[in-house]
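Peer 1: Below you will find the structure I want to go over with you.
The values are calculated or read from the model by the stated rules, or taken from the named source; none is laboratory data. In this text, all values refer to a predicted model and were calculated from it rather than measured experimentally. No Cβ is skipped: glycine too gets one built from the backbone with ideal geometry, and neighbour counts run over all protein chains shown. For the accessible areas, the whole protein counts, side chains as well, though only heavy atoms, and no ligand, DNA or RNA atoms are used. Shrake-Rupley method; radii C 1.70, N 1.55, O 1.52, S 1.80 Å.
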Number of protein chains: 2
Amino acid sequence: VSAPFGCWIDGVPTDRLRVPDRGLEFGDGLYETMAAVAGRVRLLERHLVRLAHGCERLGIKPPEPSLLRAEIAAAAAVPGAAVVKLVLTRGAGGHGYAPAPRLAATRVLTASGLRARPAEWWHAGVVVRRCDLRLGDQPALAGLKHLNRLEQVLARAEWTDPAIAEGLLLDVHGRMVCGTMTNVFAVFDGVAVTPRLDRCGVAGVMRGALLDALPRAGVPVAEREVRPADLAGASEVFLTNALIGAWPVREFEGVTFAPGTVVRHAQALVTEW
Amino acid sequence: VSAPFGCWIDGVPTDRLRVPDRGLEFGDGLYETMAAVAGRVRLLERHLVRLAHGCERLGIKPPEPSLLRAEIAAAAAVPGAAVVKLVLTRGAGGHGYAPAPRLAATRVLTASGLRARPAEWWHAGVVVRRCDLRLGDQPALAGLKHLNRLEQVLARAEWTDPAIAEGLLLDVHGRMVCGTMTNVFAVFDGVAVTPRLDRCGVAGVMRGALLDALPRAGVPVAEREVRPADLAGASEVFLTNALIGAWPVREFEGVTFAPGTVVRHAQALVTEW
C-alpha cells in the first residue's frame, strides 16, 4: 500500500486526526483493509459484518451502516483507488483505559494504490518462512482485526529478503495459526484445512468467503489443528487475504509444492467477487 | 487525566496528527505517562530509560535524548500541568506491517491535569477486584509500555462501580501479574514481593523505583510468583504507578488489609522524588 491519495476523517477530507484518540493511545479500535476493483469494494458485505462483529465484541459503538457504506463507496470511487482502508477507533475520551460513556467512534478512511508484487506469486506461488515469534493466546481478542498489531510488526521484522513473501506464525503450543498478513490453507486428502482462530490470529474476510464458497465448488473444508510438520503431507498450501486473494505456496522449509486445483478454484472465485 | 491543555506533535504545538501513522495503524509504539510536580517531572530519568529500552526492543529509532528532555520540560512547565504523556510511535511509512527503513519516530506530547480521586485512597486504601480477563503470554512484549493495550481496556470495562479503584489481572496460568494501570506488591514476612513481568504485564516506573529504593530503606524486595489466594497471607498489599505513587489495598475478595509500614515507606519515598 503506497501513501494514500485520499483520506477522510469522520467524513471530512483531511489527513489530520485530532489527538488524543483512543486508537492512538491504546490501539483501541478495529480496521478493515478492502480491495477496490473498478470502483467497487470486493466482499464489502463481509467486511461490514466483520467490523460490526468486532464492535460488538469490543463494546465500540458502531457507526451508522448507511453512513459507512456511503463513505466507503466514495473512497473506492477515487480514480486509481485499489485499497480502501477503514480504521475505526472507540473515539476520544475517558479516564485512562476506562472510556467515557457513549463515545462516538472515529472513522479514518484512506484510499490508496496497490503495492506492486510479482505476477508469479499468483501463478507459480510464493516462498514462505516460519516466524520465531509465537502468537500469544488471547481468546478475548482472537479472530478480531483490531489495532493491536505489534505481534505482526515484530514477526514481519524477522526477515528482509524480498523473495520471501510471507512468514507463518505458530501459537505457543506449536500449532500453525496464520501468516503475518494472510490466512493459511493446506489441502489434505482433498479437504481444504485452515486453523481455528479461537485463541489467536485474525479471521480474514477472504478466508471466511472461501470457507463458505469452496464447498459449493465441490471442495470440502475444515477448521482444525495444523502443525508445521503436517505441511509436508499437504497436496497444496495457499495463503489468502482480502487484497491478494490467494497465493499458492511454492516452498516452505525445504518442502516444495505445486499450485493445486483448490487454489486455482479459490483464485477463480476471487475474480467473480 | 482530563482533556489536555497542551499538545505538541514533533515539537510543534498542535493536536492534529497526520495519518496514516503506525501508532494508529498498528499500535506500533510506546508511551510514558509522567507525573509533573511543580513544573518538574518525577522520575524523569527512569521514564527516559524505560522508553529507550522499549525502543531498543521494538526496533524503533529513539529521538535525540536532549530533544525529548527539552520538550518534556516545556510540557511540564505549562501552568497546572500534572500529567505529561508522551506517545512515541515508529512513525509513518512502510508496506503494511513492514516499516520503511530508518523511519523517524513520531512524538505526541500532552500536558493535562490530574484526575481527582478520593484522598482516602492514599490514606485508608482502595477496594480492588479480580478481573476475568487473563493476560496472554507474550515474552516479546512483556514489561513494555507499548501502545497495544486492548487487554487493559477490556479488563477495565469489566466494572463501573466507582468505589472499586482497580482490578487485578492474572495470567493464563493463574498467577497474579498487575492491575489494569498499576503494579502490585504484597508483603510476606517483611519482604515486599511483586510478580515477575517476563511473560506479560507492564514494568512500571514506580515499581522499578521502589524495587531499587525499598531495600535501601531496610525493606527487602523480591520478584516472584504470587497467586490471588496468597494475598490472604500478606501483611499488606499495595498498588503503584507513576501518577498515584502508592495506594494501600484495603479490600480484595472479602479479605481486608490495613495500610502497613511498607506502603508508608513507599509513599514517603514518592514525596522525595
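Peer 1: What is the diffusion coefficient of chain B in µm²/s, taking the Kirkwood radius over Cα pairs and the Stokes-Einstein relation at 4 °C with a viscosity of 1.567 mPa s?
Peer 2: 67 µm²/s
Peer 1: Using +1 on the beta carbon of Lys and Arg, -1 on that of Asp and Glu, and nothing else charged, what's the dipole of the protein assembly as shown about the Cα centre, debye to 20?
Peer 2: In total the dipole reaches around 820 debye.
Peer 1: Per residue of B:138-148, count partner chain C-beta atoms within 10 Å of its C-beta, then hand back the mean as an integer.
Peer 2: That average works out to 5.
Peer 1: Oh, and also: Looking at the stretch A:110-152, what % of the alpha carbon pairs are farther apart than 13 Å? The partial results should precede the final answer.
Peer 2: Working: 663 of 903 pairs.
Here the tail beyond 13 Å accounts for 73 percent of pairs.
Peer 1: As a check on your grasp of the helix formula, calculate [θ] at 222 nm for chain A: sum -39500 (n - 2.57) over DSSP H runs of n ≥ 4, divide by the residue count, round to the nearest 500.
Peer 2: Theoretical 222 nm ellipticity from helices: -7000 deg cm²/dmol.
Peer 1: Could you work out, residue by residue across A:11-21, how many beta carbons of other chains sit within 10 Å of that residue's beta carbon, and then give the average as an integer?
Peer 2: 5
Peer 1: Scan around A:G167 for amide H atoms under 5 Å from its own, H built in the peptide plane at 1.01 Å from N, and keep only partners 5 or more places away or cross-chain.
Peer 2: A:R129, A:T180, A:M181
Peer 1: Averaged over all directions, how much area does the convex hull of the C-alpha atoms of the protein assembly as shown cover when projected, in nm²?
Peer 2: Average projection, Cα convex hull of the protein assembly as shown: 24.6 nm².
Peer 1: Which ³J(HN,Hα) values, rounded to whole Hz and listed in residue order, are derived for the stretch B:93-98 from phi using the Karplus coefficients 6.51, -1.76 and 1.60 in 6.51 cos²θ - 1.76 cosθ + 1.60 with θ = phi - 60°, glycine and proline given as x?
Peer 2: So the J values, rounded to whole Hz, are x, x, 9, x, 5, 6.
Peer 1: So what's the net charge close to A:K145: Lys and Arg +1, Asp and Glu -1, counting the other residues with Cβ under 13 Å from its Cβ? Kindly include the intermediate steps, with their values, before the conclusion.
Peer 2: Working: positive: A:R46, A:R50, A:R57, A:K85, A:R149, A:R207; negative: A:E32, B:E25.
Net local charge, A:K145 excluded: +4.
Peer 1: Provide the percentage of antiparallel DSSP beta bridges, counting only those with both residues in the protein assembly as shown; round to the nearest 5.
Peer 2: 75 percent
Peer 1: For A:V263, what accessible surface area do you get with a 1.4 Å probe? Give it in Å², rounded to 10.
Peer 2: 0 Å²
Peer 1: Give me the summed buried accessible area for the A-B pair, 1.4 Å probe, to the nearest 100 Å².
Peer 2: Details: alone 12860 and 12890 Å², together 21450 Å².
Summing both chains' loss of accessible area gives about 4300 Å².
Peer 1: Ok, one more. Under 8 Å for C-alpha pairs, at least 6 residues apart: give me the relative contact order for chain B, rounded to a whole percent.
Peer 2: Result for chain B is 19 percent.
Peer 1: Let me ask another. Of B:C178, B:A163, B:F252, which is farthest on the positive side of the dipole of the protein assembly as shown, counting Cα position, with +1 on Lys and Arg Cβ, -1 on Asp and Glu Cβ, and the Cα centre as origin?
Peer 2: Selected residue: B:A163.
Peer 1: Rounded, prolate or oblate: which one fits the stretch B:67-158, using the alpha carbon gyration tensor with axes a ≥ b ≥ c (rounded when a/c is under 1.5, else prolate when a/b beats b/c, else oblate)?
Peer 2: oblate
Peer 1: Over the stretch A:118-181, one equal point on each Cα, no solvent: what is log10 I(q)/I(0) by the Debye formula at q = 0.18, 0.23 Å⁻¹?
Peer 2: For the requested q values the scattering log ratios are -0.70, -1.00.
Peer 1: Same structure again: Taking H as built 1.01 Å from N, whose amide H comes closer than 5 Å to the amide H of A:V37, not counting residues under 5 places away?
Peer 2: A:R42
Peer 1: Same structure, new question: Treating cross-link reach as a plain straight distance, find the aspartates and glutamates whose alpha-carbon is under 16 Å from the alpha-carbon of A:K145, omitting any fewer than eight places away in the same chain.
Peer 2: The qualifying aspartates and glutamates are A:D28, A:E32, A:E45, A:E56, A:D137, A:D198, B:E25, B:D28, B:E151.
Peer 1: Using only the alpha-carbon atoms, what does the stretch B:231-273 span along each of its principal axes? Please give whole angstrom values in decreasing order.
Peer 2: Dimensions of the stretch B:231-273 along the principal axes of its Cα atoms: 33, 19, 11 Å.
Peer 1: Another question, if that's okay. Mind checking which of A:E151, A:E236, A:E25 has the largest fluctuation in a GNM of chain A, springs on alpha carbons under 10 Å?
Peer 2: Comparing A:E151, A:E236, A:E25 in the GNM, the peak value goes to A:E25.
Peer 1: Shape call for the stretch A:151-240 from the C-alpha gyration tensor, a ≥ b ≥ c root eigenvalues: rounded (a/c under 1.5), prolate (a/b greater than b/c) or oblate?
Peer 2: It comes out prolate by the Cα gyration axes.
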